[in-house]
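Read the structure below first, then the notes.
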Amino acid sequence: MRVLVIEDDEKIGSFIRKGLREAGLIVDLATDGPTGLALFQDNSYDAAVVDIMLPGMDGLTIIETIRKQGMSTPVLILSAKRSVEDRITGLQKGSDDYLVKPFSFGELLARVQALIRRDSRSVDSHNLQVADLNMDLLSREVTRQGERIELPAKEFSLLEYLLRNQGRIVSKTAILENVYDYSFDPQTNVVDVLVCRLRNKVDKDFSPKLIHTVRGMGYVIKTD
């Protein structure tokens, strides 16, 4: 599952991104309105967390804009504004839920997960597949040739990231940023170790091999 967070407070934004990633979600973070809107328009998200007071463009304008453009991504407003009128305005502009700051991360996570479950889009959008490998994003179940494969959170996130970029080479830097939330460190081998663990589960006892190394560039998941 991929979630967009638009929050101009760096500490709050980093806190939310870290927590959502630890829960197995892929997270993009924007710290101003125009960047957040651009990410909305250039990517597909399963849910979004949007602050109201943002530099450049406020959150309500972002939500109103994406709704006019036909985007149905579930949106949770995160705001310090707590009056009933503020909540009504947020819902009228097209949000699906409203959470007041300060907040419990556990509640935010539960609300995001509930929005994703309630999403009325096609069930097919919650299934990723290549060859005989299937990932159900809602049940978090992975199978190959009908056999269930148990994956810890980081391995699940890596596989999801590879599947969302099926046929495209993803660099170690991109994996560190999207799966681990690390800045690039040329000395680290965490990506190699994670890929090796994932291969042992989804490729070792199956054919054809799906996860390929492209020397000097990164990794790609494909059928040939």
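Can you give the calculated 222 nm mean residue ellipticity of the chain, where each DSSP H run of n ≥ 4 adds -39,500 (n - 2.57) and the sum is split over every residue, rounded to the nearest 500 deg cm²/dmol?
Mean residue ellipticity at 222 nm (helix-derived): -11500 deg cm²/dmol.
So if a site counts as exposed when it's one of the chymotrypsin sites (Phe, Trp or Tyr not before Pro), its DSSP state isn't H, G, I, E or B, and it has at most 16 other Cβ atoms within 10 Å, what's the longest stretch of the chain without one?
1-102
Going through the cross-link list Lys154/Lys204; Lys81/Lys154; Lys93/Lys172; Lys11/Lys172; Lys11/Lys222, which pairs have a Cα-Cα distance over 29 Å in this structure?
The pairs that break the limit, which is 29 Å between Cα atoms, are Lys81/Lys154; Lys93/Lys172; Lys11/Lys222.
Using a simple spin-label model with points 7 Å from Cα along the Cα→Cβ vector, what separation in nm is obtained for Asp32 and Arg215?
4.3
Say we join alpha carbon atoms closer than 10 Å with springs in a Gaussian network model of the chain; which of Val202, Val84, Val49 then has the biggest fluctuation?
Val84
Obtain the nm distance between the two label points defined at Gln145 and Glu177 by a simple spin-label model: each point lies 7 Å from its Cα along the Cα-to-C-beta direction.
In this crude spin-label approximation the distance works out to 3.7 nm.
Towards the positive end of the charge dipole of the stretch 44-133, with charges on Cβ (+1 Lys, Arg; -1 Asp, Glu), say which of Thr89, Pro102, Tyr45 has the farthest Cα.
Thr89
Once you place label points 7 Å from the Cα toward the Cβ at Ile12 and Met57, how far apart are they in nm?
Roughly 2.0 nm, to one decimal.
For Tyr45, enumerate residues with amide H under 5 Å from its amide H, sequence gap 5+ or separate chain, H modeled in the peptide plane.
HN-HN under 5 Å from Tyr45: empty list.
So which GluC sites (Glu not before Pro) in the stretch 84-153 end up in coil per DSSP with only 14 or fewer other C-beta atoms within 10 Å?
Passing both the DSSP loop test and the Cβ count: Glu150.
Determine the percent antiparallel among the DSSP beta bridges restricted to the chain, to the nearest 5.
Roughly 50 percent of the beta bridges in the chain run antiparallel, per DSSP.
Kindly state, to the nearest 0.05, the FRET efficiency for Glu64 paired with Ser104, given R0 = 45 Å and r defined as their beta-carbon distance.
Here the calculated transfer efficiency is 0.95.
Taking a probe of 1.4 angstrom, what is the accessible area of Asp136 in Å², to the nearest 10?
40
With the contact rule set at Cα under 8 Å and sequence spacing of 6 or more, what percent relative contact order holds for the chain?
15
Once the dipole of the chain is set up with Lys and Arg at +1 and Asp and Glu at -1 on Cβ about the Cα centre, which of Val112, Leu158, Leu78 lies farthest towards its positive end?
Leu158
The values are calculated or read from the model by the stated rules, or taken from the named source; none is laboratory data. Given the structure is predicted, the values throughout are model-derived calculations rather than measurements. Glycine gets a Cβ as well: all are built from the backbone with ideal geometry, and neighbour counts include every protein chain shown. We work out accessible area using only protein heavy atoms, side chains counted, and drop any ligands, DNA or RNA first. Shrake-Rupley method; radii C 1.70, N 1.55, O 1.52, S 1.80 Å.
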